[in-house]
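J.: Okay, here's the structure, questions in a sec.
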């Protein structure tokens, strides 16, 4: 049986505390979907572990958090624009939303800078999530959906930094 290193225990403890803080604040603030705050914590702290196989330096976690914040903001804005322009024209919406997602994924494949590629990946799928959620809940709710998605993600990233 192998011993688990102390830095792994510390990362696990920090992650659990950040999840609890994000969930508490999200529920206290009565946010739209508190699960997004928890997911932001989990992805920002644990995704680098999958790639490094060990506990990543705190700088990598903070860098990915900042990239996630900008990618979510940029994606929420693009989602707002997509729904604003094509909310009443589903075929045009599908065409342009698909084109945006394809553009972002193409950029990710070509980008050498890991953080910029991460921003573009998040931008692509956040725009899709925001706009599709708005279609499902009513196009008049798109601003609320975009703002909620960004604020919940920002709350989760802020909890990681504590």
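J.: List 61, 43, 83 from most exposed to least, where exposure is judged by having the fewest other Cβ atoms within 10 Å. List each step's numbers first, then the result.
T.: Working: 61 23, 43 18, 83 26.
Final ranking by Cβ density, sparse to dense: 43, 61, 83.
J.: What's the FRET efficiency of residue 85 with residue 17 using the Cβ-Cβ distance as r and R₀ = 35 Å, to the nearest 0.05?
T.: My answer for the efficiency is 0.25.
J.: So, one more: Once every DSSP H run of n ≥ 4 in the chain is given -39500 (n - 2.57) and the sum is divided by its residues, what mean residue ellipticity at 222 nm do you get, rounded to the nearest 500 deg cm²/dmol? Kindly include the intermediate steps, with their values, before the conclusion.
T.: Working: 6 runs with 135 residues, N = 162.
Here the helix-only value at 222 nm equals -29000 deg cm²/dmol.
J.: With axes computed from alpha carbons, what is the tilt in degrees of helix 35-52 against the longest principal axis of the chain, rounded to the nearest 10 within 0 to 90?
T.: Compared with the principal axis, the helix lies near 60 degrees.
J.: Could you pull the Cα extents of the chain along its three principal axes, largest to smallest, in whole Å?
T.: 58, 41, 26
J.: Further question on the same structure: Residues of region 75-97 with the amide nitrogen closer than 16 Å to a label point 7 Å from the Cα of residue 139, along Cα-to-Cβ, please.
T.: Of the residues in region 75-97, 79-97 have backbone N under 16 Å from the label point off residue 139.
J.: Given springs between every Cα pair under 10 Å in a Gaussian network model of the chain, which of 123, 151, 84 has the largest fluctuation?
T.: Residue with maximal mean-square fluctuation among 123, 151, 84: 84.
J.: Also, quick follow-up: Can you grab the distance from the C-alpha centre of region 125-162 to the C-alpha centre of region 19-61, Å, no decimals?
T.: Here the two parts' Cα centres lie 15 Å apart.
J.: Rank the residues 111, 152 as a footprinting-exposure proxy: fewest other Cβ atoms within 10 Å of their Cβ go first.
T.: Fewest-to-most ranking of 111, 152: 111, 152.
J.: What's the exposure ranking of 142, 44, 49, going from fewest to most Cβ atoms within 10 Å?
T.: Listed from fewest to most nearby Cβ atoms, that is 49, 142, 44.
J.: Please give the helix 142-161 orientation as an angle from the longest Cα principal axis of the chain, in degrees from 0 to 90, rounded to the nearest 10.
T.: The angle comes out at about 10 degrees.
J.: Which FRET efficiency, nearest 0.05, do residue 4 and residue 161 yield, Cβ-Cβ r, R0 30 Å?
T.: The computed FRET efficiency comes out at 0.75.
J.: Also, I was wondering about something else. Give the value in nm², to one decimal: projected area of the alpha carbon convex hull of region 67-129, averaged over all directions.
T.: The orientation-averaged projected area of the Cα hull of region 67-129 comes to 3.6 nm².
J.: A follow-up question, please. Tell me the relative contact order for the chain as a rounded percent, counting alpha carbon contacts under 8 Å between residues six or more apart. Before the final figure, lay out each step's value.
T.: Working: 197 pairs, mean separation 57.6, N = 162.
Computed value for the chain: 36 percent relative contact order.
J.: Between residue 110 and residue 147, what is 0.36 nm times their sequence separation minus the Cα-Cα distance? Round to one decimal in nm.
T.: 10.3 nm
J.: On a 0 to 90 degree scale, rounded to 10, what angle separates helix 90-110 from the longest Cα axis of the chain?
T.: Tilt relative to the chain: about 40 degrees.
J.: Give the calculated FRET efficiency between residue 62 and residue 103 to the nearest 0.05, with a Förster radius of 30 Å applied to their Cβ-Cβ distance. Could you put the intermediate results ahead of the total?
T.: Values: r = 28 Å, r/R0 = 0.92.
Using R0 = 30 Å, I get an efficiency of 0.60.
All of the numbers you see were taken from the coordinates with simple rules; none came from a lab. All of these numbers come straight from a predicted model, not from anything done at the bench. Neighbour counts are summed over all protein chains in view; Cβ atoms, including those assigned to glycine, are modelled from backbone coordinates with ideal geometry.
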